[in-house]
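Visitor: Would you mind keeping the following structure in view while I ask a few things?
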Amino acid sequence: MVVLAASIVSKSGKVLVSRQFVDMSRIRIEGLLAAFPKLVGTGKQHTYVETENVRYVYQPIEALYLLLVTNKQSNILEDLDTLRLLSKLVPEYSLSMDEEGICKTAFDLIFAFDEVISLGHKENVTVAQVKQYCEMESHEEKLHKLVLQSKINETKDVMKRKASEIDKSKIEKNRGDKGGFMSLQSMGSGKIDNGLSDMGISSGGGGGFGSSSGFGLGADVESFSSKPKGRPPSSATAPPKGLGMQLGKSQRTNQFLESLKAEGEVIVEDVQPSVGLSKSAAPPPTDPVTLSVEEKLNVSLKRDGGVSNFDLQGTMSLQILNQEDAHIQVQIETGGNPGILFKTHPNMNKELFSNENILGLKDPNRPFPTGQGSDAGVGLLKWRMQSTDESMVPLTINCWPSVSGNETYVSIEYEASSMFDLRNVVISVPLPALREAPSVRQIDGEWRYDSRNSVLEWSIVLIDNSNRSGSMEFVVPPADSSVFFPISVRFSATSTFSELKVVNILPLRGGAPPRYAQRTQLITENYQVV
C-alpha cells in the first residue's frame, strides 16, 4: 500500500489541505486533485474512483471530501481503514466542518496526518495516541511551570505586604508630625472635656454633636463640611445652641487623604457643583450674524468589516443679535455631494435656494428673529445622507482578541480617513470585571481605566496626516471575544461631509453687509463597532 497524498477538498474542487507522502511535483498533485470532482458521480454510493494511474478513496464530511490518493496496487481495505482513522481525527482538531474551520486548523491536521501515514504507509496508531503525540505534553515541564508560578505568587504577596507596611509607616509619621489625632486648642480643660473631645463631641451648645470647633480642625474641616450643599459654614468659636447633629468628614479621614496627597496620589473630592455653574457650551456669539453648521454621525460598523448603518444628519442655523441686521439673505455654497439631500425650512423660499443657493424668507419684508441666548438660533436648512460605502466612514476600528494560556491579548487598531482631521478622539472598549487595571503593553496616545463601568478608554487628542493609523495592545485574564464589544467612539471635526460654506450675506435694505461668522463642526451621536 502506498498513499500518495491525503487531502481535504470542497465539493467544488477547492483544495483546503493536502499532505504528500511521496516525492511528486506540485503540478502533478494539483492536477490529480483538480480531476477528482469531475470523476465523482452524483447519487452513487461508491467510496473510490479509479483512473489509469491512481485510485481515489474518499469519504464525504458535510460539504467537504476527505480524500486519499493511492496507486492502483494499494490494498483498498487498508486504504479504507486509513480513511476511517483520518475521518475520526479531523473533527478532533477542527471545530467546524467548513472551509474556514479547516483552514484555521490546517497545520494541526497536517501534523496529525503525518502521525498516521509515514512514507505512504499506515502506522499502527489510534486517535488517542495521535493526539498525545501531537500535544507533546511533558510532566516535568508542567511541574516546572507550577513551581515557577508559585514563586511568582509568593513574591507578589511579599511585595503587597511590604507596600502596606510602608504606607502605614508613612501615615503614622504624618500623624506624629501634626501633633496627634486631636488639636490641643480645640480641647476643653478637665477630664470631661478631654473625654468628650476624644469622642468628637463638643462641650458647648446644647450637648449635641458640635461644629468644626468641637473637632479642632479649623479650615480643613470647612472644605469637607456641608458648605458645598448650600448651608452656611459653622462658627469656629461659638456654636449655636440646639443645632443637633452635623455631617462632615472626621479628622482621621482628612489626615489620611492629606497623607495620600503627600505621596503623589490624586484625590477626587466628592463635592457637588454649585448651582450657578452650568455645563460648558459654545462661547456666546460676538458677531452681529452667526451661522452654525453641525453634522451628527450615527454609525454602526461590523466587527469583521463592513458597515451595517451609516446615517448623517446636518443642520444650519442662523443667530442675529440686532434687529437692524435681521433683513438679510444668506448665500451658501455646497460641496456637490450627490448623496446628500437638502431640505429647507417651510418659511424659506425653496425656488430661490434651488436656483441660486440663497437662503431667504418667502416674505422679504419679514425679518429673521433675533436674540442672544444659546437657543436663539433659527433653523434654515437641514440635510441627511445614508450610505453603506465603507470609504465614507471617517474612522474604522479593528479589534483582535486572542487567548493564550491564562491571558487574553487584545490588539486594537484604528485607521482614519484623509477626509477629516479628528479631534478629541475617545475609543471606549468594554472589559470583563477585573480586580485591577489591564496591562497596556503598547499604545499610540493615552489610556484610562474606568473601574466602575469596567471600560478602557483610549484617547487621541488629534488625528491628522501624521497619525492616520495607530494601535493599542493590552492584556487581561481569559475572556470571551464578545466581551470586548460593542466598542464606542467619540470625536469631533471642524470640517463636514456637506462642505457647506457661507459665501456672502445679502442685505435687503441696502447698505454694507453685516459682519458674520461661521461655526462648523462634525460630531458623533452614536458611533459603535458591534
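The values are calculated or read from the model by the stated rules, or taken from the named source; none is laboratory data. Keep in mind that what you see is a predicted model, and the values were worked out from it rather than measured. Neighbour counts are summed over all protein chains in view; Cβ atoms, including those assigned to glycine, are modelled from backbone coordinates with ideal geometry. To get the accessible areas, we keep the full protein, side chains included, count just its heavy atoms, and leave off ligands, DNA and RNA. Shrake-Rupley method; radii C 1.70, N 1.55, O 1.52, S 1.80 Å.
Here's the yes/no breakdown for (1) outside any strand (DSSP E or B); (2) of a type in the set (Val, Ile, Thr); (3) modelled with pLDDT of 95 or more:
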{"site": "Val483", "(1), (2), (3)": "yes, yes, no"}
{"site": "Glu499", "(1), (2), (3)": "yes, no, no"}
{"site": "Val502", "(1), (2), (3)": "no, yes, no"}
{"site": "Ile505", "(1), (2), (3)": "no, yes, no"}
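Visitor: Also: Scan the stretch 128-145 residue by residue and report those that are surrounded by 14 or more Cβ atoms within 10 Å (Cβ to Cβ) and within 40 Å of the chain's Cα centre (by Cα).
Guide: The answer is Lys131, Cys134.
Visitor: Here's another thing I want to ask about it. When you scan the stretch 499-516, do you find a residue that is touching a Lys or Arg at 6+ places or on another chain (Cβ under 7 Å) and either assigned by the TED database to the domain that holds Leu321 or farther than 23 Å from Ile328 by Cα (or both), even just one?
Guide: Within the stretch 499-516, the subset touching a Lys or Arg at 6+ places or on another chain (Cβ under 7 Å) is none.
No.
Visitor: Moving on to the next point. Only one residue in Ser274, Ser308, Ser278 is farther than 30 Å from Ile171 by Cα and either among the acidic types (Asp, Glu) or modelled with pLDDT of 90 or more (or both), so which one is that? Write out each step before concluding.
Guide: Numbers: Ser274 fails: either among the acidic types (Asp, Glu) or modelled with pLDDT of 90 or more (or both); Ser278 fails: either among the acidic types (Asp, Glu) or modelled with pLDDT of 90 or more (or both).
Going through Ser274, Ser308, Ser278 in turn, just one is farther than 30 Å from Ile171 by Cα and either among the acidic types (Asp, Glu) or modelled with pLDDT of 90 or more (or both): Ser308.
Visitor: Further question: Before we move on, is Lys38 over 18 Å from Ala112 (Cα atoms), modelled with pLDDT under 85 and surrounded by fewer than 16 Cβ atoms within 10 Å (Cβ to Cβ)? Outline the logic, then answer.
Guide: Numbers: over 18 Å from Ala112 (Cα atoms): yes; modelled with pLDDT under 85: yes; surrounded by fewer than 16 Cβ atoms within 10 Å (Cβ to Cβ): yes.
Answer is yes for this residue.
Visitor: Restricting attention to the stretch 2-35, and to residues there that are aliphatic (A, V, I, L, M) and out of contact with any Ser or Thr (no Cβ under 9 Å at 6 or more places or on another chain), which single residue is most open to solvent (accessible area, probe 1.4 Å)?
Guide: Kept after step one, since they are aliphatic (A, V, I, L, M), are these residues of the stretch 2-35: 2-6, 8-9, 15-17, 22, 24, 27, 29, 32-35.
If we keep only those that are out of contact with any Ser or Thr (no Cβ under 9 Å at 6 or more places or on another chain) as well, we get 22, 24, 27, 34.
Numbers: Val22: 50, Met24: 38, Ile27: 140, Ala34: 57 Å².
Top of the filtered list is Ile27.
Visitor: From the residues in the stretch 498-529 that are within 25 Å of Asp325 (Cβ to Cβ) and β-branched (Val, Ile, Thr), which one is surrounded by the fewest Cβ atoms within 10 Å (Cβ to Cβ)? Before you say what the answer is, go through the steps one by one.
Guide: Here is the first cut: in the stretch 498-529, the residues within 25 Å of Asp325 (Cβ to Cβ) are 500-521.
Retained after the next criterion (residues that are β-branched (Val, Ile, Thr)): 502-503, 505, 520.
Values: Val502: 19, Val503: 11, Ile505: 19, Thr520: 19.
Among those that are within 25 Å of Asp325 (Cβ to Cβ) and β-branched (Val, Ile, Thr), it is Val503.
Visitor: Right, Ile328: surrounded by fewer than 19 Cβ atoms within 10 Å (Cβ to Cβ), β-branched (Val, Ile, Thr) and in contact (Cβ under 8 Å) with a residue 24 or more places away in the chain or not?
Guide: Details: surrounded by fewer than 19 Cβ atoms within 10 Å (Cβ to Cβ): no; β-branched (Val, Ile, Thr): yes; in contact (Cβ under 8 Å) with a residue 24 or more places away in the chain: yes.
No: the conditions fail for Ile328.
Visitor: Tally the residues that are of a type in the set (Gly, Ala, Ser) and without any contact (Cβ under 8 Å) to a residue 24 or more places away in the chain, restricting the search to the stretch 347-404.
Guide: Narrowing the stretch 347-404 to residues of a type in the set (Gly, Ala, Ser): 354, 360, 371, 373-374, 376-377, 379, 387, 391, 402, 404.
Now narrow it down to the ones that are without any contact (Cβ under 8 Å) to a residue 24 or more places away in the chain: 354, 373, 402, 404.
The total comes to 4.
Visitor: Against the condition touching a Pro at 6+ places or on another chain (Cβ under 7 Å) and farther than 30 Å from Cys399 by Cα, how does Asn347 come out, does it pass?
Guide: no
Visitor: What's the number of the only condition in (1) hydrophobic (A, V, I, L, M, F, W, C); (2) in a loop (DSSP other than H, G, I, E, B); (3) over 20 Å from Phe342 (Cβ atoms) that Ala517 fails to meet?
Guide: Evaluating Ala517 over (1) hydrophobic (A, V, I, L, M, F, W, C); (2) in a loop (DSSP other than H, G, I, E, B); (3) over 20 Å from Phe342 (Cβ atoms) leaves (2) as the failure.
Visitor: Assuming Asp444 fulfils every condition listed in (1) touching a strand residue (DSSP E or B) at 6+ places or on another chain (Cβ under 6 Å); (2) among the charged types (D, E, K, R); (3) in contact (Cβ under 8 Å) with a residue 60 or more places away in the chain apart from one, which condition is it?
Guide: (3)
Visitor: Out of curiosity, is Val125 open to solvent by less than 70 Å² (accessible area, probe 1.4 Å), over 16 Å from Leu86 (Cβ atoms) and either within 38 Å of the chain's Cα centre (by Cα) or among the hydrophobic types (A, V, I, L, M, F, W, C) (or both)?
Guide: Numbers: open to solvent by less than 70 Å² (accessible area, probe 1.4 Å): yes; over 16 Å from Leu86 (Cβ atoms): no; either within 38 Å of the chain's Cα centre (by Cα) or among the hydrophobic types (A, V, I, L, M, F, W, C) (or both): yes.
No; evaluated as a whole, the condition is false for this residue.
Visitor: Being over 18 Å from Asn526 (Cα atoms), open to solvent by less than 40 Å² (accessible area, probe 1.4 Å), outside any loop (DSSP other than H, G, I, E, B) and among the aliphatic types (A, V, I, L, M) is the filter here; which residues of the stretch 389-445 pass it?
Guide: Val410, Ile412, Val440
Visitor: Sticking with this structure for a sec: Does Leu462 satisfy the criteria of being loosely packed, with under 15 Cβ neighbours inside 10 Å, touching a Lys or Arg at 6+ places or on another chain (Cβ under 7 Å) and not in a loop (DSSP other than H, G, I, E, B)?
Guide: Details: loosely packed, with under 15 Cβ neighbours inside 10 Å: yes; touching a Lys or Arg at 6+ places or on another chain (Cβ under 7 Å): yes; not in a loop (DSSP other than H, G, I, E, B): yes.
When the stated conditions are applied, Leu462 passes them.
Visitor: Please name all residue pairs, on different chains or six or more residues apart, with Cβ atoms under 7 Å, provided the first residue is in the stretch 418-434 and is more than 18 Å from Glu446 (Cβ to Cβ) and the second residue is assigned to a strand (DSSP E or B) and open to solvent by 10 Å² or more (accessible area, probe 1.4 Å).
Guide: So the pair list comes out as Asp421/Leu462; Pro430/Val455.
Visitor: Restricting the search to the stretch 47-101, which residues are of a type outside the set (A, V, I, L, M, F, W, C), in a strand (DSSP E or B) and under 13 Å from Val9 (Cβ atoms)? Talk me through it step by step, then tell me what you get.
Guide: Residues of the stretch 47-101 of a type outside the set (A, V, I, L, M, F, W, C): 47-48, 50-53, 55-56, 58-60, 62, 65, 70-75, 78-79, 81-82, 84, 87-88, 91-94, 96, 98-101.
Checking the rest, the ones that are also in a strand (DSSP E or B) come to 48, 50, 55-56, 58-60, 65, 70-71.
Within the stretch 47-101, Tyr56, Tyr58, Gln59, Pro60, Tyr65 qualify.
Visitor: Between a first residue in the stretch 286-297 that is in a loop (DSSP other than H, G, I, E, B) and a second residue that is among the β-branched types (Val, Ile, Thr), which pairs have beta carbons less than 9 Å apart while being 6 or more apart in sequence or on different chains?
Guide: Pro288/Ile320
Visitor: Counting just the residues of the stretch 50-100 that are in contact (Cβ under 8 Å) with a residue 60 or more places away in the chain and surrounded by fewer than 16 Cβ atoms within 10 Å (Cβ to Cβ), which one comes out farthest from Leu119 (Cα to Cα)?
Guide: Per the criteria, the residue is Glu99.
Visitor: Sticking with this structure for a sec: Filter the stretch 336-359 for residues that are among the small types (Gly, Ala, Ser) and open to solvent by 40 Å² or more (accessible area, probe 1.4 Å) and give the result. Before you say what the answer is, go through the steps one by one.
Guide: Start the filter on the stretch 336-359 by keeping residues that are among the small types (Gly, Ala, Ser), which leaves 336, 339, 354.
Listed by number, the residues that qualify are Gly336, Ser354.
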